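One structure is given below, encoded as structure tokens.
The values are calculated or read from the model by the stated rules, or taken from the named source; none is laboratory data. Since this is a predicted model, take the numbers as computed values, not measurements. Glycine also receives a Cβ, built like all others from the backbone with ideal geometry; neighbour counts cover every protein chain displayed.
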Amino acid sequence: MMWRKKRRPSAPLPEEQTGWDEDSGLLYDSSAEDESSLLYSSLAEDEPVPPAGRRRRAKNRCAARRKGAAILTGLAVLLLLLGFFAVRRLVSGTPVSPAVAGALEAEENAASNSSGDSQTGSSGSSYSSGGSQEGSSGSSNSSGDSQTGESDASSSPGGSQTEEKALATLDDATGDLTVRYLDVGQGMAALIECGGHYMAIDGGGRASSSKFVAVLKACGVEKLDYIIVSHYDDDHLAGLIGALHVFPTDLVLAPDYEADTAIYRSYKEMLTEEDVPERVPSPGDIYPFGTAAFQIVGPGTWSAELENDRSIMVLLTNGTHRFLFPGDAETAEEADVLAGGLSLKADVLSSPHHGSKTSNTNAFLDAVSPQIAIVSAGADNKYHHPHPSVLRRYEKRGIQVYRTDESGTITVISQEGELTVSTEK
Ligand SMILES: [Zn+2]
């Protein structure tokens, strides 16, 4: 390398081969042929031209400068590379794929045509995958004996879903997935569709229970692979009772406690009447759903003091996209699932407990690290959900917030590596 040659004091370069160019102010090296000396010259450009009497000293320091220049060159290349990846990430985070927008439009048109459910005038935006999803390795699995919902196989209960298969499904999920966060006023309900399979997580309260069933019908639901009851509060459970009556349901996942309410008793009666199997899931359980899959990540205990803290927490995975449904989990359950060690990382977070300040702890939000938060709340609700302090926590983290009280039903589509969000109004 050139700078090594220059280090030998016994063999100084002839004056004409190195020195300051009076015209350009650049240090030149006529013997230099490699790229590093060119970079050195350009780096020297910003340096002041030393006065004539100091030229020799400058020349003697040449070797040291060249060594420094080599280090600077390395640093410059490193910075360029870092800059390149930063720009790439920014670009990939920018929305809007025409293909996805078109597909979304087609889907919405179909929905509004078939239902009259006001899916018009929606606005949409898309998100690229965070691309940094953690694997589900290390999680236990007991997906059990009667799971259905494999994409290319019609429901085939009877022990065919092995642990291995469920995990493979989780990793290889590549189909389209649509999650509708339904506007059920003050309550929570989500309808999820993947490859012609449907599941509901909660069904909203009494006031919207007939709307819930109507929306499911309008969306083409004839059968539900799963119903997940996050917990037994009216604003989550009531709408599910009608759905259980109307739609054949393969399996209900429900929390392990009893509630002393009329709604709870109606729910239990309906399970018996319709002969629907009910199961209490455990953290780590993975269930296949179409080409997607979901994992139970909480609660870690059924004996939490608050019923909200016994909410079944579900992490739905489709390819690299993840959706977290924490129900009405509050501070205690958030801490509990964090301690459980399962990955909570998700692109879309259903805001815990309707955006309550007794949920949404900083530690939990940091672990989930979503791009999008969906708040399911009624307009002017008496609980003041979502709480302004929670909205500030979201804003601080750059989380895009959608609210059912403002935007109506919010639809998120996971398709070909992109997330697209559209709103009813
Ligand atoms: Zn609730």
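Among the residues of the range 345-366, just one is out of contact with any strand residue (DSSP E or B) (no Cβ under 6 Å at 6 or more places or on another chain), of a type in the set (A, V, I, L, M) and buried (at least 17 other Cβ atoms within 10 Å of the Cβ), namely Leu365.
Would you mind finding the one in Asp250, Asp256 that is in a loop (DSSP other than H, G, I, E, B) and away from the ligand (no atom under 16 Å from the Cβ)?
After applying the criteria, what remains is Asp256.
For the range 196-207, name all the residues that are away from the ligand (no atom under 13 Å from the Cβ) and either within 20 Å of Tyr402 (Cα to Cα) or surrounded by 24 or more Cβ atoms within 10 Å (Cβ to Cβ) (or both). The answer is His197, Tyr198, Met199, Ala200.
Evaluating Glu307 against the criteria (1) away from the ligand (no atom under 16 Å from the Cβ); (2) of a type outside the set (Lys, Arg); (3) touching a residue at least 24 places away in the same chain (Cβ under 8 Å) leaves one unmet condition, (1).
Where helices (runs of 4 or more DSSP H) fall wholly inside the range 346-421, the ranges with 2 or more residues that are within 16 Å of the ligand (Cβ to nearest atom) are 404-407. The condition (being at negative phi, in contact (Cβ under 8 Å) with a residue 60 or more places away in the chain, surrounded by 20 or more Cβ atoms within 10 Å (Cβ to Cβ) and assigned by TED's automatic domain parsing to the domain that holds Val314) is satisfied by just one residue among Tyr232, Tyr267: Tyr232.
Considering Val337, Val276, the condition of being over 14 Å from Ile201 (Cβ atoms), more than 16 Å from the ligand (Cβ to nearest atom), of a type in the set (A, V, I, L, M, F, W, C) and assigned to a loop (DSSP other than H, G, I, E, B) is satisfied by Val276 alone.
Take the conditions among the β-branched types (Val, Ile, Thr), under 25 Å from Leu306 (Cα atoms) and more than 16 Å from the ligand (Cβ to nearest atom) and apply them to Ile227. Does it pass? Yes. Per this entry, Val221 is counted among residues that are aliphatic (A, V, I, L, M), surrounded by fewer than 23 Cβ atoms within 10 Å (Cβ to Cβ) and more than 16 Å from the ligand (Cβ to nearest atom). Six or more apart or on different chains, Cβ atoms under 6 Å: show the pairs whose first residue is in the range 179-195 and more than 14 Å from the ligand (Cβ to nearest atom) and of a type in the set (D, E, K, R) and whose second is at pLDDT 95 or above and in a loop (DSSP other than H, G, I, E, B). If the second residue must be at pLDDT 95 or above and in a loop (DSSP other than H, G, I, E, B), the pairs left are Arg180/Thr409; Asp183/Gly408; Asp183/Thr409.
Here Glu395 fits the description: among the acidic types (Asp, Glu), free of Cβ contacts under 8 Å to residues at least 12 places away in the same chain and more than 22 Å from Met313 (Cα to Cα).
If I go through the range 178-190 residue by residue, how many of them are crowded, with 24+ Cβ neighbours inside 10 Å and not small (Gly, Ala, Ser)?
Within the range 178-190, residues that are crowded, with 24+ Cβ neighbours inside 10 Å and not small (Gly, Ala, Ser) number 6.
Hey, can you tell me all the residues within the range 315-330 that are more than 15 Å from the ligand (Cβ to nearest atom) and either in a loop (DSSP other than H, G, I, E, B) or out of contact with any helix residue (DSSP H, G or I) (no Cβ under 7 Å at 6 or more places or on another chain) (or both)?
Of everything in the range 315-330, those that are more than 15 Å from the ligand (Cβ to nearest atom) and either in a loop (DSSP other than H, G, I, E, B) or out of contact with any helix residue (DSSP H, G or I) (no Cβ under 7 Å at 6 or more places or on another chain) (or both) turn out to be Leu315, Leu316, Asn318, Gly319, Thr320, His321, Arg322, Phe323.
The single condition from (1) closer than 15 Å to Pro283 by Cβ; (2) surrounded by fewer than 24 Cβ atoms within 10 Å (Cβ to Cβ) that Ser369 fails is (1).
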